[in-house]
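This report concerns only the one structure given below.
The values are calculated or read from the model by the stated rules, or taken from the named source; none is laboratory data. All values reported here derive from a predicted model rather than from experimental measurement. When we count neighbours, we look across all protein chains shown, and the Cβ atoms used for this are built from the backbone with ideal geometry, even at glycine. To get the accessible areas, we keep the full protein, side chains included, count just its heavy atoms, and leave off ligands, DNA and RNA. Shrake-Rupley method; radii C 1.70, N 1.55, O 1.52, S 1.80 Å.
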Amino acid sequence: MAVRGRHRRYQPNRINRASLTVTAGGAGMALPLIGTGVAHAADVDTWNKVAACESTSRWHVNTGNGFYGGLQFAQSTWEAYGGTRYAARADLASKDQQIAVAEKVLDGQGPGAWPVCSERAGLTRGGDTPDIRPAGTPNKTPEKTSKTSVQDVQPQTTPQSRAGKAEMYTVVRGDTLSEIAESQEVKGGWRGLYAANRKAIGADPDLILPGQRLAVRGKAATVTRPAPATRATPKKSPAQPEEQATTSTRSMVAPVSAATGTPYRKAGALWSKGYHTGVDFAVPTGTSVKSVGSGKVVSAGWEGSFGYQVVIRHADGRYTQYAHLSAISVRDGQSVGAGQRIGRSGSTGNSTGPHLHFEVRTGPGFGSDVDPVAYLRAGGVRI
């Protein structure tokens, strides 16, 4: 039987996530600003694993939660360990530059600077020296750095051309299909873009890689055998069954495919308002979470006891919240469609187990909740 996740009252002093911080004992504290030796190093593969855990390998991520880049540096840490010699923030620096600074943090603070992800990645001070070029000259010998992932280096060595009428588009870090479709004015939106490039992208429309070339106009963008455009036969597109079928017949979709757990307004001391302000869906970590309707993202990042969350404003003036996420796929200000993936479920923040906490509000902030199940049913969702 599925475990029903519940919330605990928010405790400000509780450490809810891995963070990089500098503890200064006084104004005269010396900080390492020179590259470290072998004794305090970790190879690139290990740093890749840390980044996969911290940011799902998004080296240029900035969700607005105060932590930047693939290794999720706090700004104070980035500055204290010499990161500003490369870029103002970690997310603006290259992967090699972020690893170079991380090596100094590892020397100064040890693996505990990444308390959860260091254990998962096997990060220690005794690893091999990473094969990196933080000075910004990796372009000369890309073939020799196969261990550092050619796909991760390509966007810098092959910058994309954004010519207005270009037939092709080169994916860069941080891109999503919906953003590309919007900027390139692709007919059919992200679904049309995916349909035209399904063979290149693969089964998961949310997984596009830097360096990929996507057809955005012309025959290539309209001739592929896209099952997504044929609403009568959705069985042929296993990657997006619910997204295609539900949005064509209803105005709303369910955020996840699961039964509800803890109901709305259940009373108890577990919650700061004295009752549960949303409804829980008991789903395992990593489950795809979708926007229930079209709208604009007003918040995407860390939010205290809710952990990682996304808040979306819809055309009817209502706001929907998706909390305790393990990963976020959108950013502030981004437009999303009904059924579009916005993240993955998890158990971040004050949570007793993996689940999705879903709220509907009359305003963007906590405290203006309304019945989420009634809202979904009014939009045609069966719960």
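Residues in region 263-276 that are in contact with a Gly (Cβ under 9 Å, 6 or more places away or on another chain) and open to solvent by 50 Å² or more (accessible area, probe 1.4 Å): Ala267, Lys273. Filtered by the rule that a residue be aliphatic (A, V, I, L, M) and either within 22 Å of the chain's Cα centre (by Cα) or not in a helix (DSSP H, G or I) (or both), region 68-120 gives Leu71, Ala74, Ala87, Ala88, Ala90, Leu92, Ala93, Ile99, Ala102, Ala113, Val116. Right, Ala338: part of a loop (DSSP other than H, G, I, E, B), farther than 17 Å from His324 by Cα and of a type outside the set (Val, Ile, Thr) or not? The answer is yes for Ala338.
Applying the criterion of being outside any strand (DSSP E or B) and open to solvent by less than 20 Å² (accessible area, probe 1.4 Å) to the residues of region 282-291, the residue that is nearest to Ser351 (Cα to Cα) is Val283. Looking only at residues in region 40-81 that are of a type in the set (Phe, Trp, Tyr) and open to solvent by less than 20 Å² (accessible area, probe 1.4 Å), which one is nearest to Ser329 (Cα to Cα)? Restricting to residues being of a type in the set (Phe, Trp, Tyr) and open to solvent by less than 20 Å² (accessible area, probe 1.4 Å), the top hit is Trp59. Taken across region 205-227, residues that are modelled with pLDDT of 85 or more and either open to solvent by less than 30 Å² (accessible area, probe 1.4 Å) or touching a Gly at 6+ places or on another chain (Cβ under 7 Å) (or both) do occur, with at least one present.
Set side by side, the residues Ala323, Ala327 differ, and just one is outside any loop (DSSP other than H, G, I, E, B), over 25 Å from Lys266 (Cβ atoms) and aliphatic (A, V, I, L, M), which is Ala327.
Does Leu356 qualify as being outside any helix (DSSP H, G or I), in contact with a Pro (Cβ under 8 Å, 6 or more places away or on another chain), open to solvent by less than 10 Å² (accessible area, probe 1.4 Å) and closer than 25 Å to Val381 by Cα? Yes.
Keeping to region 308-320, report how many residues are more than 17 Å from Ser288 (Cβ to Cβ) and of a type outside the set (Phe, Trp, Tyr). Number satisfying all stated conditions: 7. Of the listed requirements (1) modelled with pLDDT of 80 or more; (2) more than 21 Å from Val61 (Cα to Cα), Asn139 misses just one: (1). Being farther than 21 Å from Ser183 by Cα and either at pLDDT 90 or above or open to solvent by less than 10 Å² (accessible area, probe 1.4 Å) (or both) holds for only one residue in Val279, Val336, and it is Val279.
Determine if region 363-373 includes at least one residue that is within 28 Å of Leu207 (Cα to Cα) and either in contact (Cβ under 8 Å) with a residue 60 or more places away in the chain or not in a helix (DSSP H, G or I) (or both). No, there is no match, as no residue in region 363-373 is within 28 Å of Leu207 (Cα to Cα) and either in contact (Cβ under 8 Å) with a residue 60 or more places away in the chain or not in a helix (DSSP H, G or I) (or both). For Thr233, the conditions (1) of a type outside the set (D, E, K, R); (2) crowded, with 17+ Cβ neighbours inside 10 Å; (3) modelled with pLDDT under 75; (4) touching a helix residue (DSSP H, G or I) at 6+ places or on another chain (Cβ under 8 Å) all hold with the exception of (2). When Thr124, Thr84, Thr36, Thr129 are screened for being modelled with pLDDT of 90 or more, more than 21 Å from Ala327 (Cβ to Cβ), open to solvent by 20 Å² or more (accessible area, probe 1.4 Å) and not basic (Lys, Arg), only Thr84 passes.
Which numbered condition in (1) modelled with pLDDT under 90; (2) open to solvent by 50 Å² or more (accessible area, probe 1.4 Å) is the only one that Ser294 fails? Going through the list (1) modelled with pLDDT under 90; (2) open to solvent by 50 Å² or more (accessible area, probe 1.4 Å), Ser294 breaks only (1). Among residues of region 359-382 being under 17 Å from Ser291 (Cα atoms) and of a type in the set (Ser, Thr, Tyr), the one that is least open to solvent (accessible area, probe 1.4 Å) is Tyr375.
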